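Chemist: Below is a structure I'd like to ask you about.
The values are calculated or read from the model by the stated rules, or taken from the named source; none is laboratory data. Remember, it's a predicted structure, so these values are computed and weren't measured experimentally. Here Cβ is always computed from backbone atoms with ideal geometry, including for glycine, and neighbour counts include all displayed protein chains.
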Amino acid sequence: MEKLVIEGGKPLTGEVWISGAKNAALPLIAATLLAPGVHVLHNMPDLRDTRTILLLLESLGLTWERQGSTLRIDGSGLRYSEASYDLVKTMRASILVLGPLLARLGRAKVSMPGGCAIGARPINFHLMGFEQLGVRCLLEHGYVDAQIDGRMHGGTVYFDIPSVTGTENLLMAAALAKGTTVIKNAAREPEIGNLIDMLTAMGAEIEGRDSDRLTIHGVESLTASESTIIPDRIETGTYAIAVAAAGGDAVISGCNPNHLPSLLDKLRLAGVSVSSGEDFLRISAPQGGKNRIKPVNVTTMPYPGYPTDLQAQFMALMSLSSGVCVIHETIFENRFMHVAELQRMGADIQIDGRSAMVKGLGDNLLTGAQVMATDLRASSSLVIAGLAAKGRTDISRIYHLERGYEKMVEKLTGLGATVWKEKE
């Protein structure tokens with residue numbers, strides 16, 4: 001087991017390049033189950049989660065090879081329809097193989113997924129949607145056992161709450177269903193647009209990209225395609241917040257600023273200088289003195305609202321502000337586990353249900369401490385706090401961090417941070 005060690009207090013300067021998006025890579029990898037032939041995926045991040053889903057595909061009969069950031073997956077060998085607990089337990093997105101397996105084989109048996117313990121993320125949206133397409137779904141012994149006689153048929157699916165993985169699963173299944181499927185109140189995240197582009201390149205017929213109403217005209221078969229993973233907007237936001245918190249002036253390259261409208265607005269309100277081009281951001285932290293960072297309230301919402309995956313990081317920034325703000329979490333009910341660890345570093349945060357009141361330290365500093373990562377995004381908030389803090393911060397259980405951030409130590413070191421890994 002390794003831990004991350006940070007000697008804080010150094011401003012971040014220079015340039016950092018953004019990797020492909022984890023939350024886009026996983027559904028695109030799953031989509032290769034839909035068609036035989038060699039699929040080519042560019043800008044593929046090398047993460048714990050991408051390695052896990054590739055192992056899952058191997059267990060189903062597929063083969064793959066990686067050269068740099070290009071991944072080639074051969075979907076021709078698909079012969080198994082069961083995703084076991086051992087492979088699914090560490091990653092929520094494993095449920096994304098359910099739709100493609102149903103579409104291609106007519107049956108799927110997938111262990112109930114695991115992942116970060118940030119709250120209930122029920123798969124009832126997925127199952128409800130599949131049932132509208134004629135699938136019989138049975139939950140027993142920790143598995144979803146889904147079957148259909150012949151081919152799925154089109155139907156209308158309405159999500160009470162936009163579900164990202166639910167939308168993605170239904171998109172993949174409906175692409176090969178007989179007839180037309182309509183998904184109402186669909187999620188609109190950029191990662192879904194990336195999946196739609198891949199499915200379209202494979203021969204799918206989908207209308208409504210970037211809207212909350214998707215219409216899928218099922219086709220008889222799909223073919224292998226070549227696609228590129230979009231830049232990771234959560235990694236982009238994490239580094240932007242880190243520069244603001246630690247001080248300095250840095251360029252974030254290879255990103256898409258248009259995917260982060262709400263975060264960039266919040267950073268500007270906090271007094272951070274933000275400029276952008278087509279594929280880069282420049283972040284300059286407020287300079288010196290009292291009231292360096294202004295307090296800003298945040299409420300997490302489905303895209304294009306403020307992303308829940310950047311809530312913990314922004315809370316770390318707000319703990320350094322010159323006043324009081326409230327952060328309200330509407331997506332997951334248990335996504336404040338990082339608060340106790342930030343408090344160990346001197347942050348003044350009080351939780352009331354799904355809201356956290358943050359009293360900024362103003363001219364005072366966070367102090368380094370031994371802390372523990374509790375989930376993926378919480379771990380990055382501790383990194384941000386450690387970069388801004390006085391002294392040494394030791395972050396244990398960084399396997400959470402490695403699920404979603406590629407080469408973070410190298411990237412932070414390139415910005416001038418003093419950070420390294422040690423054995424626990």
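Chemist: Regarding residue 70, is this residue of a type in the set (Ser, Thr, Tyr) and surrounded by fewer than 20 Cβ atoms within 10 Å (Cβ to Cβ)?
Modeler: It is true that residue 70 is of a type in the set (Ser, Thr, Tyr) and surrounded by fewer than 20 Cβ atoms within 10 Å (Cβ to Cβ).
Chemist: Read through the list (1) under 16 Å from residue 406 (Cα atoms); (2) in contact (Cβ under 8 Å) with a residue 40 or more places away in the chain; (3) not in a loop (DSSP other than H, G, I, E, B), then give the number of the only condition that residue 66 fails.
Modeler: Just one mismatch for residue 66, condition (2).
Chemist: Can you tell which of 275, 262, 284 is in contact with a Pro (Cβ under 8 Å, 6 or more places away or on another chain), assigned by TED's automatic domain parsing to the domain that holds residue 235, of a type outside the set (A, V, I, L, M, F, W, C) and free of Cβ contacts under 8 Å to residues at least 60 places away in the same chain? Please lay out each step first, then the result.
Modeler: Numbers: 275 fails: in contact with a Pro (Cβ under 8 Å, 6 or more places away or on another chain); 284 fails: in contact with a Pro (Cβ under 8 Å, 6 or more places away or on another chain).
Checking each option against the conditions leaves just 262.
Chemist: Answer yes if at least one residue in segment 111-118 is assigned to a helix (DSSP H, G or I) and either of a type in the set (A, V, I, L, M, F, W, C) or modelled with pLDDT under 95 (or both), and no otherwise.
Modeler: So far as segment 111-118 goes, no, none of its residues is assigned to a helix (DSSP H, G or I) and either of a type in the set (A, V, I, L, M, F, W, C) or modelled with pLDDT under 95 (or both).
Chemist: Now for a different question. Quick one: is residue 384 under 20 Å from the mean Cα position of the chain (by Cα), modelled with pLDDT of 95 or more and either buried (at least 23 other Cβ atoms within 10 Å of the Cβ) or assigned to a loop (DSSP other than H, G, I, E, B) (or both)?
Modeler: Against the criterion (under 20 Å from the mean Cα position of the chain (by Cα), modelled with pLDDT of 95 or more and either buried (at least 23 other Cβ atoms within 10 Å of the Cβ) or assigned to a loop (DSSP other than H, G, I, E, B) (or both)), residue 384 qualifies.
Chemist: Select from segment 403-424 the residues that are in contact (Cβ under 8 Å) with a residue 40 or more places away in the chain, surrounded by fewer than 17 Cβ atoms within 10 Å (Cβ to Cβ) and in a helix (DSSP H, G or I) and list them in ascending order.
Modeler: The one that is in contact (Cβ under 8 Å) with a residue 40 or more places away in the chain, surrounded by fewer than 17 Cβ atoms within 10 Å (Cβ to Cβ) and in a helix (DSSP H, G or I): 414.
Chemist: Determine whether residue 332 is of a type in the set (Phe, Trp, Tyr), touching a strand residue (DSSP E or B) at 6+ places or on another chain (Cβ under 8 Å) and in the same structural domain as residue 264 (by TED's automatic domain parsing).
Modeler: Working: of a type in the set (Phe, Trp, Tyr): yes; touching a strand residue (DSSP E or B) at 6+ places or on another chain (Cβ under 8 Å): no; in the same structural domain as residue 264 (by TED's automatic domain parsing): yes.
In short, no.
Matching residues to (1) in the same structural domain as residue 172 (by TED's automatic domain parsing); (2) modelled with pLDDT under 95; (3) among the aromatic types (Phe, Trp, Tyr):
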{"residue": "64", "(1), (2), (3)": "yes, no, yes"}
{"residue": "68", "(1), (2), (3)": "yes, no, no"}
{"residue": "71", "(1), (2), (3)": "yes, no, no"}
{"residue": "76", "(1), (2), (3)": "yes, no, no"}
{"residue": "81", "(1), (2), (3)": "yes, yes, no"}
{"residue": "85", "(1), (2), (3)": "yes, yes, yes"}
{"residue": "88", "(1), (2), (3)": "yes, yes, no"}
{"residue": "91", "(1), (2), (3)": "yes, yes, no"}
{"residue": "99", "(1), (2), (3)": "yes, no, no"}
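Chemist: Could you please give the count of residues in segment 396-424 that are among the aromatic types (Phe, Trp, Tyr) and over 15 Å from the mean Cα position of the chain (by Cα)?
Modeler: Initially, segment 396-424 is screened for residues among the aromatic types (Phe, Trp, Tyr), giving 399, 405, 420.
Restricting the remaining residues to those that are over 15 Å from the mean Cα position of the chain (by Cα) gives 399, 420.
Qualifying residue count, segment 396-424: 2.
Chemist: Take residue 348 and decide whether it is free of Cβ contacts under 8 Å to residues at least 24 places away in the same chain, surrounded by fewer than 16 Cβ atoms within 10 Å (Cβ to Cβ) and over 22 Å from the mean Cα position of the chain (by Cα). Reasoning before the result, please.
Modeler: Details: free of Cβ contacts under 8 Å to residues at least 24 places away in the same chain: no; surrounded by fewer than 16 Cβ atoms within 10 Å (Cβ to Cβ): yes; over 22 Å from the mean Cα position of the chain (by Cα): yes.
When the stated conditions are applied, residue 348 does not pass them.
Chemist: Anything in segment 302-317 that is assigned to a loop (DSSP other than H, G, I, E, B) and within 12 Å of the chain's Cα centre (by Cα)? List them, or say none. Can you show your working first?
Modeler: Applying the first criterion (assigned to a loop (DSSP other than H, G, I, E, B)) to segment 302-317 yields 302-305, 307.
Hit for segment 302-317 is 307, nothing else.
Chemist: Which of the residues spanning segment 394-408 are of a type outside the set (D, E, K, R) and over 13 Å from residue 18 (Cβ atoms)?
Modeler: So the first thing to find is which residues in segment 394-408 are of a type outside the set (D, E, K, R), and the list is 395-396, 398-401, 404-405, 408.
Matches in segment 394-408: 395, 396, 398, 399, 400, 401.
Chemist: A further question follows. Looking at (1) crowded, with 22+ Cβ neighbours inside 10 Å; (2) within 15 Å of the chain's Cα centre (by Cα), can you tell me which one residue 31 breaks?
Modeler: (2)
Chemist: So, in segment 1-28, how many residues would count as being charged (D, E, K, R), more than 13 Å from the chain's Cα centre (by Cα) and under 27 Å from residue 374 (Cβ atoms)?
Modeler: Step one: of segment 1-28, the residues charged (D, E, K, R) are 2-3, 7, 10, 15, 22.
Subset that is more than 13 Å from the chain's Cα centre (by Cα): 2-3, 7, 10, 15.
Retained after the next criterion (residues that are under 27 Å from residue 374 (Cβ atoms)): 2-3, 7, 10.
Selection size over segment 1-28: 4.
Chemist: Okay, moving on. Within the bounds of segment 392-402, is there any residue that is surrounded by 24 or more Cβ atoms within 10 Å (Cβ to Cβ), modelled with pLDDT of 95 or more and not in a loop (DSSP other than H, G, I, E, B)?
Modeler: Yes; the residues of segment 392-402 include at least one that is surrounded by 24 or more Cβ atoms within 10 Å (Cβ to Cβ), modelled with pLDDT of 95 or more and not in a loop (DSSP other than H, G, I, E, B).
Chemist: Please work out which residue is surrounded by the fewest Cβ atoms within 10 Å (Cβ to Cβ), limiting yourself to segment 200-250 and to residues that are hydrophobic (A, V, I, L, M, F, W, C) and closer than 13 Å to residue 24 by Cα. Give the steps one after another, and end with the answer.
Modeler: Narrowing segment 200-250 to residues hydrophobic (A, V, I, L, M, F, W, C): 201-202, 204, 206, 214, 216, 219, 222, 224, 229-230, 234, 240-246, 250.
Then keep just the ones that are closer than 13 Å to residue 24 by Cα; that gives 229-230, 234.
On the way: 229: 26, 230: 22, 234: 24.
Filtering first and then ranking leaves 230.
Chemist: Working carefully through the options 51, 104, find the one that is part of a helix (DSSP H, G or I), under 17 Å from the mean Cα position of the chain (by Cα) and not aliphatic (A, V, I, L, M).
Modeler: Numbers: 104 fails: under 17 Å from the mean Cα position of the chain (by Cα).
Unique residue meeting the criteria: 51.
Chemist: If you don't mind, there's one more thing I want to ask. Please verify whether segment 334-355 includes one or more residues that are under 20 Å from residue 49 (Cβ atoms), part of a helix (DSSP H, G or I) and not β-branched (Val, Ile, Thr).
Modeler: yes
Chemist: Residues of segment 251-294 being of a type in the set (D, E, K, R), at pLDDT below 95 and surrounded by 16 or more Cβ atoms within 10 Å (Cβ to Cβ), which ones? Talk me through it step by step, then tell me what you get.
Modeler: From segment 251-294, those of a type in the set (D, E, K, R) are 265-266, 268, 278-279, 282, 290, 292, 294; that's our starting set.
Subset that is at pLDDT below 95: 290, 292.
292, the sole residue that qualifies.
Chemist: If you go through segment 160-181 one residue at a time, how many are basic (Lys, Arg) and touching a helix residue (DSSP H, G or I) at 6+ places or on another chain (Cβ under 6 Å)? Give the steps one after another, and end with the answer.
Modeler: Step one: filter segment 160-181 for residues basic (Lys, Arg), giving 178.
Those still in the list that are touching a helix residue (DSSP H, G or I) at 6+ places or on another chain (Cβ under 6 Å) too: none.
Residues that pass the stated criteria total 0.
Chemist: Suppose we filter 365, 342, 376 for residues that are at pLDDT 95 or above and under 18 Å from residue 242 (Cα atoms); which single one remains?
Modeler: Working: 365 fails: at pLDDT 95 or above; 376 fails: at pLDDT 95 or above.
Being at pLDDT 95 or above and under 18 Å from residue 242 (Cα atoms) holds for just one of 365, 342, 376, which is 342.
Chemist: Further question on the same structure: Quick one: count up the residues across segment 272-312 that are over 17 Å from residue 233 (Cβ atoms) and of a type in the set (S, T, N, Q).
Modeler: Of the residues in that region, 7 qualify.
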